[in-house]
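In what follows, a single structure is set out as structure tokens and then discussed.
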Amino acid sequence: MSDLYFKLVNTSLGKTAAQSLGLPSPTQLKRWTRTNQPFTEGNVLIGCASGGKSITELGNTISASAAMLHHASKIPSLTDSARAGTKAVPLDLTAEPVLKFSALVFDATGIKDSLQLRALYDFFHPTVRQLASNGRVLVVGLDPAGCKAPAQAAAQRSLEGFVRSVGKEIGKKGATANLIWMAPTASQQLDSTVRFFLSPRSAYVSGQCVRITRAAKGAKAVSPAAPLRDKVALVTGASRGIGEAIADTLARDGATVIALDIPAAMEQLEVVASRIKGEALPCDITTADAPQTIADFAEQHFGGLDIIVHNAGITRDKTLGNMPAHFWDLAIAVNLTAEELINEELLSRELLRDNGRIVCVSSISGIAGNFGQTNYATSKSGVIGYVEALAKQLRDGRTINAVAPGFIETRMTAAMPLTMREAGRRMNSLSQGGLPMDVAETIAWYCNPTSAGVNGNTVRVCGQSLIGR
Ligand code: NAD
């Protein structure tokens, strides 16, 4: 679906008109376009509050990119910045001319109380205006849930408000701000998440807080060009929209994809499956024998699965008082119950291999609620609860996470009334709708074998929608 306003406002005449009328002027987002594209380029500045626990790992990860890495030298609170990777070049931020930065990365794990929050101001105040268009702000803190001292928990929780506010201030540049809350001993698990958030793959992800735990299984290094080589992935609802983009993206990253959809969508499903050299599996996931059909197929063709993406979903919108019972039943059955039953079958038959990945597709409606969507929002909230609970039970490097898309340009949102569609597109920090590939890239990051520490999260892919938290 074409966003006419976005096209108009990106002409020189349209830009001037939008500015003089105080209308939003969304920036064209840079997305991932080519194999072997470095995850970040340009000038990256890293800084660290005193006592930072992840600065070395951050420095090492960024050093593996095509970026020129700098660390702030003249900021009093950055006493540990010299530890920031061997390739970091000290930069005096008070000297002219100041560089444009593609990313500002700050290790806040050392912050122990509210006074030390001043380190955030000291690092970002002189630099935030130098953030380039499509730039990235990334803050790494400690998971407040693991902080014993109330003052430390408060200070680490404060990072959330900081990052979400920065995201709102820089969104007009097409820039994003995100926060990683790591467990104290999880700095070795940061790499895949730092790469994701600094790269164009996370173009439509902003204002998010991701928890990283210490994974039980050490993740092996993977080829950045084909991180999912030798993996087998099942994607439900893969014939179109977001599911099609997920299938394409996982195949691009090297996975063999079983693309599943209802039998009525077989023609389009086969087009997708043959394009990505995968398998087409016609199956209605709400039928009683669906879990067994899927498990048998995976076992017979591939001996098991490495990745399951529960993307198939439906809306059946009506206000509660007007909603027929079958609208309620179908939304819950497709969006929640089917996922539970399929996982149960695959897990009980031990068909999800070690270091396997389960990804569920929720929605910001499941976080914020939505008028006319009591059934849909109930099912999508349930998905989040399910992910949080199952994450604690999975073993041997297996993880489960969710994405919660906001307004994504698909057939589902094209069917919305005009005013709701326009509101959905503009009411976020980036003032535009996302693309199916934005959801797919987030899922590909979860599925990366080195993302074993990312477990039990729900990340919104919504351009930091104003709706919900
Ligand atoms: P879509 O309607 O274009 O695609 C959904 C796919 O699921 C279709 O191919 C459909 O045939 C399949 N499906 C439906 N019922 C099925 C069943 N019983 N068995 C097997 N397959 C079935 O929708 P989309 O916009 O691509 O959405 C994909 C997912 O993202 C859904 O879970 C949706 O709730 C979620 N989502 C979308 C948006 C958005 O803005 N588009 C926002 C939030 C969440």
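The values are calculated or read from the model by the stated rules, or taken from the named source; none is laboratory data. Everything quoted here is computed from the prediction, not taken from an experiment. A quick note on method: Cβ atoms are made from the backbone with ideal geometry, for glycine too, and the neighbour counts reach across all protein chains shown. When the accessible area is computed, the model is the full protein with side chains, heavy atoms only, and any ligands, DNA or RNA have been set aside. Shrake-Rupley method; radii C 1.70, N 1.55, O 1.52, S 1.80 Å.
Okay, here's what the table says:
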{"quantity": "Cα-based shape type of segment 89-165, given that a ≥ b ≥ c are square roots of the gyration tensor eigenvalues and the cut on a/c is 1.5", "calculated": "prolate"}
{"quantity": "Three-way shape label, segment 39-212, alpha-carbon gyration tensor, a/c 1.5", "calculated": "rounded"}
{"quantity": "Packing rank of 383-393, 398-408, where each peptide gets the mean count of other beta carbons within 10 Å, highest leading", "calculated": "398-408, 383-393"}
{"quantity": "Accessible heavy-atom area order of LYS100, LYS148, highest first, probe of 1.4 Å", "calculated": "LYS148, LYS100"}
{"quantity": "q = 0.19 Å⁻¹: log10 I(q)/I(0) that the Debye formula gives for segment 150-218, counting C-alpha atoms only", "calculated": "-0.82"}
{"quantity": "Dipole magnitude of the chain, debye to nearest 20 (Cβ charges: Lys/Arg +1, Asp/Glu -1, about Cα centre)", "calculated": "1580"}
{"quantity": "Shape call, segment 395-469: gyration tensor on alpha carbons, a/c limit 1.5", "calculated": "prolate"}
{"quantity": "Kirkwood Rh and Cα Rg combined as Rg over Rh, evaluated for the chain", "calculated": "0.97"}
{"quantity": "Residue-count net charge about ALA273 - beta-carbon cut-off 13 Å; Lys, Arg +1, Asp, Glu -1", "calculated": "-3"}
{"quantity": "Above-threshold pairs, the threshold being 21 Å between Cα atoms, out of LYS318/LYS380; LYS112/LYS173; LYS168/LYS318", "calculated": "LYS112/LYS173; LYS168/LYS318"}
{"quantity": "Rg ratio (alpha-carbon, reference 2.2 N^0.38 Å) - segment 239-325", "calculated": "1.23"}
{"quantity": "Set LYS30/LYS231; LYS53/LYS220; LYS277/LYS392 screened for pairs whose C-alpha atoms are more than 24 Å apart", "calculated": "LYS30/LYS231; LYS277/LYS392"}
{"quantity": "Tail fraction, Cα-Cα pairs, segment 232-461, threshold 27 Å, whole percent", "calculated": "28"}
{"quantity": "Segment 39-212 - accessible surface per residue (Å², probe 1.4 Å)", "calculated": "37"}
{"quantity": "Taking the C-alpha atoms of segment 268-382, convex hull volume expressed per residue in Å³", "calculated": "121"}
